[in-house]
Amino acid sequence: MFELTLIQSLGTMIVVSTGIVLLLRNAYIPNLVSYIITGLILIPLTNVLSQFLPGEFTGQDLTQLEIIKTISEIGIALLLFLVGLELSLEKIKDVGKVALVAGIGQVIFTAAGGFVLSYALGFTTIESIFLAVSLTFSSTVVVVKLLDQKRELNTLYGRIAVGIFLVQDLVVILFLTILTGLDSNSSFEFTEVFFSMGSAFLGMGLLLITALASSRYLLPPAFNWASHKSSEMLFLWALCWCFAFVILAEVMNLSLEIGAFLAGLSLAQLPCSEDLHRRMRPLVNFFIAIFFISLGAQMEFESAKEHFNSSMILSLFVLIGNPFIFIWIIAKMGYGPRTAFLTSVTVAQISEFSFIFAALGLSTGLIDKSILSVIALIGVLTIAVSSYMILYNHWLYEALKKTGIFSLLPEPKRIREEKEPIKIEKHIIIIGINSLGRKLISNLHASGEKVLAIDTDQRKLMGLPCKTMIGNVSYLSVLEEAHYDSAKLVISTLQIEDVNLLLAYRCGQINTPVAIHAFDSSVIEDLHSLGVDYLITTKEMSIYSLKEQIILAEEGA
Amino acid sequence: MIVLALLLLAAALAHVASSLLKISSIPLFIISGILLSISGVIPDTSEVQHTLLLGLTFLVFIAGTELNPERTDSQLKTSIKVGVLQFVILGILSFLIAKITGVELIPALYLGLAIAASSTLVVVQILQKKRQVYEPFGRLVLGVLLVQDLIAILFISLLSAKDFTFESIVLNGIYVSAIAILSWIFQKKLIPYIFISLKLDEETLLLVSLAVLFSFTFVAHMLGLPFIVGAFFGGFALSPFPVHGIVQSQLSSLSDFFVAIFFVSLGTTLMMPSDSTIWLSIGMIVLVILFTPIIVLFIAERAGLTTRGAFEAGLLLAQTSEFSLVIGLIGFESGHINQQLLSVIALVTVVTMITTPFLATDVVTWKLTKLRPYLQLKPAHKIPENHILLLGCGSSIQKLLTLLEQSVLNKILVIDNDPGVLKKLEEKGVQVARGDAADFRVLDACGAKNALLTISTISNMRDNEHIVKYLSNQKVIVRVLEDHDAATIRKYGGIPVLSSHLAAEEALRWIKKDLPEIHSKKQNQHL
């Protein structure tokens, strides 16, 4: 029979986490916190449950499986690919300077602060070094996941945050190269470390050039061709491109995050990138859930008891001290208090890399298990609390603004601040560009209506006088981006029964008027029962014209 | 990660080939997998096994989510009749062939089961491309496929019975009914509450769907059934509207990903059939391609489809299914069939899936239809003249007839293939002929060349083109939806009536006159 352990472990993870998500959703707990909680209780829970279930299967198996690790890695790669897709090089360049300064500045200040604090709390020098480094890095995966969930990756603060994480990622690579240099042989050779650092930078440069060159010459014709053929092909090509870069990055000793991010970035300027982004998201959500759950399952707090108070103090340092350092650097560089605050909130947690780093320290014997537990405790606490802070960052900003605390920030001459996005309303959305759609668009546009045309095929959208959007309206996110809730009317001219029914249902849910193409008499009844406001009965509308023709012919005879 | 990247690369290339060669991507996925394993670049097999397993689970789960009888509209009964009969007859024939060539009883049962089912993935793709999903025969074919998926799952459950004792088979039958009932209860009670009333975000919706999938596989596992039986009924719990629509967009990315790498990784595990089994494979291929259309023709014609519709359905169904591969894999994994027979099933599936798009064409359908003795048209006493000929009589044309005066109605002759409609028209005194209006023999018999006016409301544009060309000196009106179709009709001398423009004008009037009031009313409700 099949080796069913994989189905069992994945299934247990998904079923338990679903239960916890549904249980905790009234407490506004972010999904990723629920995933980590799942991980924490999973092993004890399955050990109890396995006594009642058939098969020899213990909780330990869940995280020990090699494939679960691979799935977690795929999750991270896909998530960073998603981030790249959302941002183009232009948008990144824009925030390059602030990301570099803030990223490096924060690393120095936090590391120094963390070291002093740990040392003062009574840890040894080596322990303090490990703690300081672990506190320094924030979790790209956590932040990016939340920003994507909030659809705020592409805001000014979102872009700065992503830039900072990239800088941090490069610093991490440097650290890891030094650490493996330390680890591999006792005689620490500077030339060797220098050499591998050089090759990392060279590799980064090479990857960047490959990404840039292909985004200019290779990808536009290839992906435009694929997008006309089938959306499935486009999707598979994009995945291939992502993994090709991940493997390239691994070959060059870079992180898979950087590889995946650059792969996404090189596709970002294509017209199909938004559509790809939407199609990619469910896949990411699935894989990344497994990542968070297994992250939680690896945590171990047993030995943290003796350092409980120190752990709390260090957590507070990450939650409050870190943003404080940041907000000051960013404001100093000419960004308004709003952007500075929102960006700085994103760094208030430690990273999954901190655990890897600490585990490495444990394996080399430099630190003992209690430090690993301290880091795990700080990790869970800061990730959980900062998830709240990020999800409710706008509310938090308004609340803090009232206290007048932001007037203490340095005031540069020119302040960069982003405007609030304007909401589109009272527009007419037309879905499906065929003869019916085109006729409606040209007439409505001519009579001064705001029209938004949506189709899955970008060629059909070319040459239309109105605003256009590529996307499949089966995805709720497409309708949300089209602001269907504030539209005057949604029209579907599609001849696809399932999509039309779903659209009618969704518009009915939010009381937006909807008109649907009833292309065949067999679909009319269902559409009526969904409360569609107007049925475009193309076949019936022709009978009056046909009647005239018949009478004309009859009279002629 | 490298294995996954290679599988994806193979899938992506297979997709390019499928697009260039205009055949379904599934057989090409499998072939690219075979090439991948021949080239020897796949380093370790445990990851391949894992993708195979996950892919299998998702494939069957997604098939379960499609199992909604409402999609077949009015064709449900016919679908069940055709689906079951085709399955049973083909199954028995292929079982007998396998037995004759010396295959043991249980492997022959597996083979029969695998050969009997037709492929949902291949057929739906073709139907969508040809825009025939909503035609009566399209709905029939969809229904047939749903029925066959269900039968396949039932048989998989029964075949997994321990030692094949009578009691264990009955017990498995009871278990599978239990899981089906559980799924049905879920579908009616719990699922609508979670998916609709709770108003979850997209991420949580996906999570809950997957939790349903895995819970059902656990239940199946506990009952001693194959886990994919659970996956299928987990999908079935999510099949009704609007839950299916809400989760479908979330699940489609996952299924695109997993299903593609499933077929590729399946390809990597196959081996070439030996000389002895190659003849068995060829026999099965001939059986599927030649006999399916004949079997379906006889059943579907008796169930009320036109000869042509029945042929079209039969040609479309002449391939084995992705479920055949599932059956093969399950049989192989449980030790009931050997690697050779799995390869036979895969080979038959690959070949028949490749041939389908070349056989299920208008040209082949027409040639076959002409071979069939001319049965359906009632012989007319006299070929009519100076009449008004209506080709096709759907609900809109029936409404048109109610608008005409009796003197005009007397001059009308309607050609359609729905006996129910024709009977109603005859009662009103309209002349009717039953047959395929695109068949020139039918047109001649109805005096099309002497008609005052011919109006076609057939939706197949290829047919309309032929009709306009055939009646080139006549006045022929064709109802069309698209601008470019109107241009084609005009080019061949016909008169197009562009229904989309007429409907658009009416819709624009409604937008101007009635929409403002509806909009403000709904806005108030919203507040």
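A few comments on the model shown:
- Count - residues of the stretch B:211-227 that are assigned to a loop (DSSP other than H, G, I, E, B) and either of a type in the set (S, T, N, Q) or open to solvent by 30 Å² or more (accessible area, probe 1.4 Å) (or both): 2
- Residues located in the stretch B:456-478, provided they are at the interface with chain A (Cβ under 10 Å from one of its Cβ atoms), part of a loop (DSSP other than H, G, I, E, B) and open to solvent by less than 60 Å² (accessible area, probe 1.4 Å): B:T457
- Options A:W241, A:W237; residue that is within 20 Å of A:V162 (Cβ to Cβ), open to solvent by 40 Å² or more (accessible area, probe 1.4 Å) and within 22 Å of the chain's Cα centre (by Cα): A:W241
- Residue satisfying condition, being in a helix (DSSP H, G or I), away from chain B (no Cβ under 14 Å) and modelled with pLDDT of 90 or more, within set A:V98, A:V83, A:V116: A:V116
- Residues in the stretch A:454-496 that are touching a residue at least 60 places away in the same chain (Cβ under 8 Å), more than 27 Å from B:G138 (Cβ to Cβ) and within 8 Å of chain B (Cβ to nearest Cβ): A:S477, A:K488, A:L489.
- Residues of the stretch A:541-557 satisfying the condition of being outside any helix (DSSP H, G or I) and open to solvent by 50 Å² or more (accessible area, probe 1.4 Å): A:A557
- Flag for B:G230 being in contact (Cβ under 8 Å) with a residue 24 or more places away in the chain and at positive phi: no
- Checking A:D368 against (1) open to solvent by 20 Å² or more (accessible area, probe 1.4 Å); (2) under 30 Å from B:Q248 (Cα atoms); (3) among the acidic types (D, E), the condition it does not meet: (2)
- Screening A:W328 with (1) closer than 27 Å to A:I288 by Cβ; (2) surrounded by 16 or more Cβ atoms within 10 Å (Cβ to Cβ) gives one miss only, at (1).
- Evaluation of A:L535 against (1) free of Cβ contacts under 8 Å to residues at least 60 places away in the same chain; (2) in contact with a helix residue (DSSP H, G or I) (Cβ under 9 Å, 6 or more places away or on another chain); (3) facing another protein chain (nearest Cβ under 8 Å); (4) open to solvent by 20 Å² or more (accessible area, probe 1.4 Å) (one fails), failing number: (3)
- Note on the stretch A:17-47: residues that are within 9 Å of chain B (Cβ to nearest Cβ) and without any contact (Cβ under 8 Å) to a residue 60 or more places away in the chain total 5.
- The condition of being touching a Leu at 6+ places or on another chain (Cβ under 6 Å) and within 13 Å of another protein chain (Cβ to nearest Cβ) holds for only one of B:A10, B:A5, that being B:A10.
- Members of the stretch A:512-530 that are open to solvent by 40 Å² or more (accessible area, probe 1.4 Å) and outside any helix (DSSP H, G or I): A:L530
- Among the residues of the stretch B:245-267, just one is closer than 17 Å to B:G328 by Cα, over 21 Å from the mean Cα position of the chain (by Cα) and within 12 Å of chain A (Cβ to nearest Cβ), namely B:V264.
- Selection over the stretch B:400-417 of residues that are among the acidic types (D, E) and open to solvent by less than 70 Å² (accessible area, probe 1.4 Å) gives a count of 1.
- Tabulated pairs, the stretch B:348-359, first in contact (Cβ under 8 Å) with a residue 60 or more places away in the chain and within 16 Å of B:I30 (Cα to Cα), second assigned to a helix (DSSP H, G or I) and charged (D, E, K, R), C-beta under 6 angstrom, 6+ apart or interchain: none
- Filtered residues of the stretch B:228-244 (kept if facing chain A (nearest Cβ under 10 Å) and either open to solvent by less than 10 Å² (accessible area, probe 1.4 Å) or hydroxyl-bearing (S, T, Y) (or both)): B:I228, B:G230, B:A231
- Residues located in the stretch B:195-207, provided they are within 7 Å of chain A (Cβ to nearest Cβ) and either farther than 17 Å from B:S255 by Cα or more than 28 Å from the chain's Cα centre (by Cα) (or both): B:E202, B:E203, B:T204, B:L207
- Search result, residues across the stretch B:324-366 that are farther than 26 Å from B:V141 by Cα, open to solvent by 30 Å² or more (accessible area, probe 1.4 Å) and assigned to a helix (DSSP H, G or I): B:F332, B:E333, B:Q339, B:Q340
- The residues listed here are B:L502, B:L481, B:L453; of these, the one that is more than 23 Å from B:V430 (Cβ to Cβ), in contact with a Leu (Cβ under 8 Å, 6 or more places away or on another chain) and either within 13 Å of another protein chain (Cβ to nearest Cβ) or open to solvent by 30 Å² or more (accessible area, probe 1.4 Å) (or both) is B:L481.
- Subset of the stretch B:176-210 (residues that are farther than 17 Å from A:L32 by Cα, open to solvent by 60 Å² or more (accessible area, probe 1.4 Å) and not hydrophobic (A, V, I, L, M, F, W, C)): B:K188, B:K189, B:Y193, B:S197, B:K199
- Here B:F137 passes the criteria (1) open to solvent by less than 30 Å² (accessible area, probe 1.4 Å); (2) at pLDDT 90 or above except the one numbered (2).
- Every listed requirement among (1) at the interface with chain A (Cβ under 7 Å from one of its Cβ atoms); (2) surrounded by fewer than 15 Cβ atoms within 10 Å (Cβ to Cβ); (3) among the basic types (K, R) is met by B:K522 save one, (2).
The values are calculated or read from the model by the stated rules, or taken from the named source; none is laboratory data. These numbers were taken from a predicted model, which means no experiment stands behind them. Quick reminder, even Gly has a Cβ in these numbers, built from the backbone with ideal geometry, and neighbours come from all protein chains shown. These accessible areas exclude ligands, DNA and RNA; they are computed on the full protein's heavy atoms, side chains included. Shrake-Rupley method; radii C 1.70, N 1.55, O 1.52, S 1.80 Å.
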